[in-house]
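The values are calculated or read from the model by the stated rules, or taken from the named source; none is laboratory data. Not measured: the values here are computed from a predicted model. Every residue, glycine among them, receives a Cβ derived from its backbone with ideal geometry; neighbour counts consider all protein chains shown. Protein only, heavy atoms only, side chains kept; ligands, DNA and RNA dropped before computing areas. Shrake-Rupley method; radii C 1.70, N 1.55, O 1.52, S 1.80 Å.
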Amino acid sequence: VLVESLLVFTVVLSVHAVVWDRFSWCAVALALQAFYVQFKWDRLLQLGGAVFQFRGAANSGLLPASMVIPLLGVVMKERCRAAGIVYFERFGIVVASTGMLLALFLSVLAVGITKPVPTNTCILTGIAGSVIIYTMKHSLTVSEVIEVLEVLLIFVYLSMILLYLLPRCFTPGEALLVLGGVSFVLNQLIKRSLNVVEGRGDPIDFFLLVAVVGVVLLGLFFTVLFIFMDSGTWISSMFFHMMTAVLGLGVIMPWLYRLIQRNPLFWLLQFLFQTQTRLYLLVYWTFLAASACGVVFYQNAKRSSESKKHQASTITRKYFHFIVVATYVPGLIYDRQLLYVAAVLCLAVFIFLEYVRYFRIKPFGQTLRHLLSLFLDERDSGPLILTHIYLLLGMSLPVWLFPRSCAPKGTLPGAGALVPYSGVLAVGVGDTIASVFGSTMGEIKWPGTKKTFEGTMTAIFAQIIAVALILIFDSNVNLNSSYAWILASVSLVSLLEAYTTQIDNLLLPLYLQIMLMA
């Protein structure tokens, strides 16, 4: 935990040294108080005193999770200020303020339920909170303050509902990241739906917002419904499919139609088959998807009847990382907009299939349970299987969060040109190589962890080679001699992979994105 915290502090101070404004100072204050509060959360988890049931075999992860959204907002603000895009500069300020307020709320919650009351931590949290609120008071307009408070309100209610319904699926830090992100997306969708201006806004952004909110609301609806009825019967399954169609065609489609001012299905078909390059990419991705399904069926066929407790090895699970890299790299080079939309569709399909598996919806629910049980690891301790969704999110978030409006000619200068590749580098290459080489050749273990020195070093080396290959094949990437910063960023994130107990598929790409954008 101490080494993980040191690495996060290094990232925070690196961003602070580059940006050096009131919000970067607030990020430093937030990191200091989150470091102390993290130990209170860890103690609560050990003693079973937390309000909800959180994922075991991991620390609270409050510090690394608390810094992600604020730092993303800070570096986005700085990039858009340099590009002279005032609207998105203000948006970055709102993102940073929202992240800080959500993290403070989680800290106050931990301090409030800790007995006896930790006086020193209370004082530190109060000082950090005062600094952040004072900065927000002098930086945000009234409408922006209301927007931040709306996200906080959504986060509180969403946390109470989902953490109760889904025990042992998240650590406190993962809950902050996932539910904070969903709360922000929901608030943005409501805000944009109430202020629709024809011709303003990119349809693919609206597509992301509606898809995320739609699948979350679908899950909440069926979770409440199946409290009162058995989800495993044919009648319940027919009702599930019928209501999915009704909600999709009767709520989600009209909502998207209002935002993009055209028929969503016709727009999507036109978008997907607009050019010959897109057609080739779609055929190629279909082949890779079939290959991934083939791996699942093959591994299950190998599982003999007398070894039902057999689990897939680490190397076997990393096959999917290689497939994902092969999926994303051509999309990033040839058509990022298509990759953006395809990733949104894939996320919606993944979550829908997880609903089918979780609720045991006929005819595929039980089959999915059997097929996916082979690939479970210790992080899938709750009722949901989330690791494959986290992998997709880790690869997609750098593409979705890339500030296109603040990037002249579609790319950022210097190391920022690699921002869309953050998921590929951190998870697809770094995490995969570290796991494969660490588990097969590693002998020297990092103190206090199961990860090895050899795994981390080969991960750093592999990511440097990947950057060189990106320079060769992607003509839009021009690093402008920022090689030392890239090496430092890759090394920090690789060390964080060795020491964190959080979901690395989600955390590592975001930290690499923050460093590259800074």
Quiz item: Can you find a residue in the stretch 18-35 that is touching an Asp or Glu at 6+ places or on another chain (Cβ under 6 Å) and either at pLDDT below 95 or more than 21 Å from Leu510 (Cα to Cα) (or both)?
Solution: yes
Practice problem: Pairs only if they're at least six apart or on different chains, beta carbon under 8 angstrom, first in the stretch 257-286 and more than 19 Å from Ile333 (Cβ to Cβ), second at pLDDT below 90 and among the charged types (D, E, K, R); list them, first residue then second. | Solution: Leu259/Arg192; Gln261/Glu198
Practice problem: Of the numbered conditions (1) surrounded by 20 or more Cβ atoms within 10 Å (Cβ to Cβ); (2) without any contact (Cβ under 8 Å) to a residue 60 or more places away in the chain; (3) of a type in the set (A, V, I, L, M, F, W, C), Val493 fails exactly one; give the number of that condition. | Solution: (2)
Self-check item: Breaking point among (1) touching a Ser or Thr at 6+ places or on another chain (Cβ under 6 Å); (2) at positive phi, for Arg55
Solution: (2)
Quiz item: For the stretch 225-245, which residues satisfy the criterion of being open to solvent by 60 Å² or more (accessible area, probe 1.4 Å) and over 12 Å from Phe359 (Cβ atoms)?
Solution: Phe228, Trp234, Ile235, Met238, Met242
Quiz item: Does Gly248 meet the test of being in contact (Cβ under 8 Å) with a residue 24 or more places away in the chain, open to solvent by less than 60 Å² (accessible area, probe 1.4 Å) and more than 19 Å from Phe364 (Cα to Cα)?
Solution: yes
Quiz prompt | Condition met for Val196 (in contact with a helix residue (DSSP H, G or I) (Cβ under 8 Å, 6 or more places away or on another chain) and either in a helix (DSSP H, G or I) or without any contact (Cβ under 8 Å) to a residue 40 or more places away in the chain (or both)) | solution = no
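Which one is farthest from Ser422 (Cα to Cα) among residues in the stretch 472-490 that are crowded, with 17+ Cβ neighbours inside 10 Å and small (Gly, Ala, Ser)?
Filtering the stretch 472-490 for residues that are crowded, with 17+ Cβ neighbours inside 10 Å and small (Gly, Ala, Ser), the one farthest from Ser422 (Cα to Cα) comes out as Ser482.
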Exercise. Please state which of the following conditions Leu510 fails to meet, knowing it meets all the rest: (1) touching a residue at least 24 places away in the same chain (Cβ under 8 Å); (2) touching a Phe, Trp or Tyr at 6+ places or on another chain (Cβ under 8 Å).
Key: (2)
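Which residue is modelled with the highest pLDDT, if the candidates are limited to the stretch 36-53 and must be in contact with a helix residue (DSSP H, G or I) (Cβ under 6 Å, 6 or more places away or on another chain) and outside any helix (DSSP H, G or I)?
Ranking the qualifying residues of the stretch 36-53, first place goes to Phe52.
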Exercise. Provide a single number: the residues in the stretch 350-383 that are among the hydrophobic types (A, V, I, L, M, F, W, C), surrounded by 19 or more Cβ atoms within 10 Å (Cβ to Cβ) and outside any helix (DSSP H, G or I).
Key: 2
Quiz item: Residue check: is Ser139 touching a residue at least 60 places away in the same chain (Cβ under 8 Å), small (Gly, Ala, Ser) and farther than 30 Å from Ala342 by Cβ?
Solution: yes
Quiz item: Does the stretch 325-339 include one or more residues that are among the aromatic types (Phe, Trp, Tyr), out of contact with any Asp or Glu (no Cβ under 8 Å at 6 or more places or on another chain) and either open to solvent by 80 Å² or more (accessible area, probe 1.4 Å) or at pLDDT below 85 (or both)?
Solution: yes
Self-check item: From Ile113, Ile133, residue being open to solvent by less than 60 Å² (accessible area, probe 1.4 Å) and out of contact with any Phe, Trp or Tyr (no Cβ under 7 Å at 6 or more places or on another chain)
Solution: Ile113
